[in-house]
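The values are calculated or read from the model by the stated rules, or taken from the named source; none is laboratory data. Quantities reported herein were computed from a predicted structural model and do not represent experimental measurements. Reconstructed Cβ throughout: ideal geometry from the backbone, glycine too, with neighbour counts over all protein chains shown.
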Amino acid sequence: MKRFFALSRTSHGILDLAVPAFCALLWLGNFPQLPVILLSLFTAFAGYTAVYALNDLVGVKVDKEKFAGSGINPGYSVETSEQRYPLAQNLISFKGGLFWMGTWFILALAGSYLLNPVIVFILLAAAVLEIIYCLLLKVTYLRTLVSGVVKTSGPIAAVFVVDPNPSPYFLLLLFIWLFLWEIGGQNIPADWNDTVEDKRVNAKTIPISFGVEKAGLIVITAMALTVIASGFLPLISPANLGLPYILVSLIIGYVFLIQPGFQLYKYKEGRQAANLFDKASYYPVAQLVLITIFLIASKFIG
């Protein structure tokens, strides 16, 4: 089973579950009922498991080309495994990977329908966009923007779990925050870490297309804007989060995004890109812990 979980990058996917969980708590300003929490967690896990596997299924041919010379690169601490890219390493068959992905995708669709039928369309759109993202690797660096949209789909779906008619303006604020975090903290650093392999297949990524100087500037700008946007997120919540919450949230943003982003911009080395990717992966977890503490505290204080 380890090979299949490696296909779905499950260690990273589990961290990703914090993003929709945080967004749901923020939007609702309270904890959903236990059955909703359990079904949501299962559905989110199934969705992330399926979409990450879909990425490798669509990109298996290119992955084999990328790692033909030097083998699989070490990756990041949140994804470190000798079995990374198991399809490219021929550790599992394409049919086996397709069955794995399809099973989890069907489960995710079923869970989405039970939570809110609107989420079914969000999941389908995310899958289509993920395929487009993979197919654009050798076409344009603008694929990065597609990645930003895909990564927002899970958290946006979480909002529809707790609110069937969400405010489009607050959704836009949430989208901007998530989009900037994905672009600066995940996608560009990941491409930066794979620069050698990507050049081998003539991939079009921001670090390759613009060079490390401009890529670093894009990263630190996106990280700064992410942290700024986070300061406005309490406007979304009916909970009285207040100034202390905002200050701690900004500190979290500095530690997990600004500081490692600045190190990447300053030194422009692959290990700083991997460090930013790792820390940015834990940023939603820290935000989830923060809002959980405040919501629990508000129950006792209130």
Original post:
Among the residues of region 246-257, is there at least one that is in contact with a helix residue (DSSP H, G or I) (Cβ under 7 Å, 6 or more places away or on another chain) and over 20 Å from Val19 (Cβ atoms)?
Top reply: no
**OP:** Please work out which residue is nearest to Gly231 (Cα to Cα), limiting yourself to region 245-268 and to residues that are free of Cβ contacts under 8 Å to residues at least 40 places away in the same chain and of a type in the set (Ser, Thr, Tyr).
**Re:** Tyr254
**OP:** Name the one entry in Ile246, Ile208, Ile251 that is farther than 17 Å from Ile291 by Cβ, among the aliphatic types (A, V, I, L, M) and surrounded by fewer than 21 Cβ atoms within 10 Å (Cβ to Cβ).
**Re:** Ile208
Subject >> Output for region 22-40, where each listed residue is under 22 Å from the mean Cα position of the chain (by Cα) and either of a type outside the set (A, V, I, L, M) or not in a helix (DSSP H, G or I) (or both) >> reply: Phe22, Cys23, Trp27, Ser40
**OP:** Residue by residue through region 11-60, note down the ones that are without any contact (Cβ under 8 Å) to a residue 40 or more places away in the chain and not aliphatic (A, V, I, L, M).
**Re:** Gly13, Gln33, Pro35, Phe45
Subject >> Residue check for Asn240: more than 30 Å from Ala110 (Cβ to Cβ) and touching a Lys or Arg at 6+ places or on another chain (Cβ under 8 Å) >> reply: no
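Yes or no, residue by residue, for (1) assigned to a helix (DSSP H, G or I); (2) under 18 Å from the mean Cα position of the chain (by Cα); (3) of a type outside the set (D, E, K, R); (4) surrounded by fewer than 23 Cβ atoms within 10 Å (Cβ to Cβ):
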position: Tyr113; (1), (2), (3), (4): yes, no, yes, yes
position: Ala125; (1), (2), (3), (4): yes, yes, yes, yes
position: Ile131; (1), (2), (3), (4): yes, yes, yes, yes
position: Cys134; (1), (2), (3), (4): yes, yes, yes, yes
position: Pro155; (1), (2), (3), (4): yes, yes, yes, no
position: Ala158; (1), (2), (3), (4): yes, yes, yes, no
position: Pro164; (1), (2), (3), (4): no, no, yes, yes
position: Tyr169; (1), (2), (3), (4): yes, no, yes, yes
position: Gly184; (1), (2), (3), (4): yes, yes, yes, no
Subject >> Condition met for Pro238 (within 21 Å of Ala21 (Cβ to Cβ) and not in a helix (DSSP H, G or I)) >> reply: yes
**OP:** Just give me the residues in region 269-283 being touching a residue at least 24 places away in the same chain (Cβ under 8 Å) and either closer than 24 Å to Pro32 by Cβ or not small (Gly, Ala, Ser) (or both), in sequence order.
**Re:** Leu276, Phe277, Asp278, Lys279, Tyr282, Tyr283
Original post:
Pairs, please: C-beta under 9 Å, at least 6 apart or cross-chain, first residue within 14 Å of Trp27 (Cα to Cα) and in region 284-297, second surrounded by 19 or more Cβ atoms within 10 Å (Cβ to Cβ) and of a type in the set (S, T, N, Q)?
Top reply: Gln287/Ser230; Gln287/Ser249; Ile291/Ser237; Ile291/Ser249
Subject >> Filter result (small (Gly, Ala, Ser) and in a helix (DSSP H, G or I)) within region 41-68 >> reply: Ala44, Ala46, Gly47, Ala50, Ala53
**OP:** State whether the residues of region 259-270 include one that is farther than 25 Å from Ala126 by Cα, of a type in the set (A, V, I, L, M, F, W, C), touching a Phe, Trp or Tyr at 6+ places or on another chain (Cβ under 7 Å) and surrounded by fewer than 20 Cβ atoms within 10 Å (Cβ to Cβ).
**Re:** no
Original post:
Does Leu241 satisfy the criteria of being modelled with pLDDT of 95 or more and of a type in the set (A, V, I, L, M, F, W, C)?
Top reply: no
